[in-house]
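Please read the structure below before turning to the comments.
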């Protein structure tokens with residue numbers, strides 16, 4: 001007799017014909033010169049049902065993309081920071097309703113900014129450092145502590161809670177809160193508490209020598225042609241591999257692979273557990289992935305709102321992307337994206353590094369992946 005769990009999995013298997021159409025569609029974007037290469041992955045009900053590559057990791061040096069290619073995932077880092085914050089909450093070292101100033105004295109002139117507002121992008125903090133301070137995002141040669149002390153001096157755009165404004169500085173401040181409440185450097189905390197226990201061996205903030213050959217070059221489109229992005233890009237010139245960097249960037253700092261990210265997302269889909277280890281309580285996962293922004297216009301995707309560092313599909317407009325209401329995830333500046341659909345027990349990961357066609361390729365993958373699942 002077939003065990004019930006196997007039979008149930010068979011009944012819900014993704015459509016193989018639909019899955020087979022994904023890689024050729026993504027390859028078409030590469031062939032047109034709109035993107036340089038992709039890695040795409042789908043896990044349905046705990047089973048890997050799609051894992052494919054296209055194009056080049058470094059076209060100038062004839063290096064193709066591989067399944068273990070390493071990408072700058074940029075703002076997909078933010079939910080890792082959010083999980084770190086919730087760990088501190090569960091340990092009683094942090095309260096989401098407290099003023100940030102309770103933990104970071106540099107915010108003493110902003111006592112109305114609350115920790116939870118940093119997580120929902122409703123703190124009133126601006127998106128990025130002002131003026132010449134933006135150079136920190138290119139060189140990354142400033143400590144997180146010193147950077148956040150400066151972010152605290154930047155005037156608020158509006159009263160907290162009044163408007164959704166996507167704030168990199170706000171998420172960086174969450175990283176500093178992790179340092180202060182845990183007693184560990186932010187990047188060490190994320191590694192010790194999340195990355196290493198999950199077996200995410202190819203995920204890091206600062207490239208180790210042994211991994212550098214697998215890192216994908218970030219491409220920009222100029223005059224209709226792809227070329228490596230200049231140093232005035234988040235994280236700098238990707239070929240420089242953040243030489244001399246010390247800023248971990250809780251808002252955009254991680255490198256990762258598609259397979260590594262699927263481990264993190266599976267933990268969230270499992271309501272905080274993976275391989276018998278609990279990382280978060282089910283209550284924390286629920287709080288992070290439920291809508292926390294009320295009626296405010298929030299999020300980047302059509303039909304979206306925001307939870308605690310996760311974007312959440314809110315209304316029927318999200319169904320046009322074939323997402324179920326409540327699907328949650330996050331994207332990155334260079335076109336990467338990952339999402340979790342609890343209704344379909346589906347995880348999708350899309351990896352790309354820039355190019356004028358990255359948004360279209362991502363939208364194609366999201367729709368094709370969601371449509372293939374039963």
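The values are calculated or read from the model by the stated rules, or taken from the named source; none is laboratory data. Quantities reported herein were computed from a predicted structural model and do not represent experimental measurements. Every residue, glycine as well, gets a Cβ built from its backbone with ideal geometry; the counts of neighbours run over all protein chains shown.
Looking for something assigned to a helix (DSSP H, G or I), over 16 Å from residue 146 (Cα atoms) and in the same structural domain as residue 88 (by TED's automatic domain parsing) - is there at least one such residue anywhere in the stretch 174-185?
Yes, because at least one residue in the stretch 174-185 is assigned to a helix (DSSP H, G or I), over 16 Å from residue 146 (Cα atoms) and in the same structural domain as residue 88 (by TED's automatic domain parsing).
Of all residues in the stretch 113-127 being out of contact with any strand residue (DSSP E or B) (no Cβ under 7 Å at 6 or more places or on another chain) and over 11 Å from residue 171 (Cβ atoms), which is surrounded by the most Cβ atoms within 10 Å (Cβ to Cβ)?
It comes out as 122.
Based on this model, can you work out whether residue 79 counts as in contact with a strand residue (DSSP E or B) (Cβ under 7 Å, 6 or more places away or on another chain), part of a loop (DSSP other than H, G, I, E, B) and at pLDDT 95 or above?
no
Return the residues of the stretch 157-178 that are more than 20 Å from the chain's Cα centre (by Cα) and either at pLDDT below 95 or surrounded by 17 or more Cβ atoms within 10 Å (Cβ to Cβ) (or both); say none if nothing qualifies.
If the condition is that a residue be more than 20 Å from the chain's Cα centre (by Cα) and either at pLDDT below 95 or surrounded by 17 or more Cβ atoms within 10 Å (Cβ to Cβ) (or both), then 160, 161 are the ones that fit.
Residues that are touching a helix residue (DSSP H, G or I) at 6+ places or on another chain (Cβ under 7 Å), assigned by TED's automatic domain parsing to the domain that holds residue 351 and within 23 Å of residue 168 (Cβ to Cβ): list the strands (runs of 3 or more DSSP E) wholly contained in the stretch 284-334 that include at least 3 such residues.
328-331
Only one residue in 296, 261 is farther than 30 Å from residue 228 by Cβ and either in contact (Cβ under 8 Å) with a residue 24 or more places away in the chain or surrounded by fewer than 24 Cβ atoms within 10 Å (Cβ to Cβ) (or both), so which one is that?
Exactly one residue qualifies, and that residue is 296.
Got a number for residues in the stretch 39-67 being within 26 Å of residue 190 (Cβ to Cβ) and in contact with a helix residue (DSSP H, G or I) (Cβ under 6 Å, 6 or more places away or on another chain)?
Qualifying residue count for the region: 5.
Of the numbered conditions (1) part of a helix (DSSP H, G or I); (2) at pLDDT below 95; (3) touching a helix residue (DSSP H, G or I) at 6+ places or on another chain (Cβ under 9 Å), residue 2 satisfies every one except a single condition; which is it?
Checking residue 2 against (1) part of a helix (DSSP H, G or I); (2) at pLDDT below 95; (3) touching a helix residue (DSSP H, G or I) at 6+ places or on another chain (Cβ under 9 Å), the one that fails is (1).
Taking only the stretch 215-229 into account, find how many residues are in a loop (DSSP other than H, G, I, E, B) and in contact with a helix residue (DSSP H, G or I) (Cβ under 9 Å, 6 or more places away or on another chain).
Looking only at that region, the number is 4.
Counting just the residues of the stretch 335-371 that are buried (at least 23 other Cβ atoms within 10 Å of the Cβ) and over 18 Å from the mean Cα position of the chain (by Cα), which one comes out nearest to residue 290 (Cα to Cα)?
Ranking the candidates gives 369 first.
What residue, of 245, 258, is over 25 Å from residue 357 (Cβ atoms) and outside the structural domain of residue 178 (by TED's automatic domain parsing)?
The unique qualifying residue is 245.
Can you find, within the stretch 104-156, the residue that is modelled with the lowest pLDDT among those that are on the phi > 0 side of the Ramachandran plot and over 20 Å from the mean Cα position of the chain (by Cα)?
Across the stretch 104-156, the extreme among qualifying residues is 131.
Keeping to the stretch 225-238, report how many residues are surrounded by fewer than 21 Cβ atoms within 10 Å (Cβ to Cβ) and in contact (Cβ under 8 Å) with a residue 60 or more places away in the chain.
5
Determine which member of the set 14, 10 is at pLDDT below 95, surrounded by 19 or more Cβ atoms within 10 Å (Cβ to Cβ) and more than 30 Å from residue 227 (Cα to Cα).
When all the criteria are applied, what remains is 14.
I'd like to know if the stretch 101-113 contains one or more residues that are outside the structural domain of residue 292 (by TED's automatic domain parsing), touching a residue at least 24 places away in the same chain (Cβ under 8 Å) and under 27 Å from residue 195 (Cβ atoms).
yes
Could you list, in sequence order, all residues of the stretch 290-311 that are closer than 24 Å to residue 196 by Cβ and in contact with a strand residue (DSSP E or B) (Cβ under 9 Å, 6 or more places away or on another chain)?
309, 310
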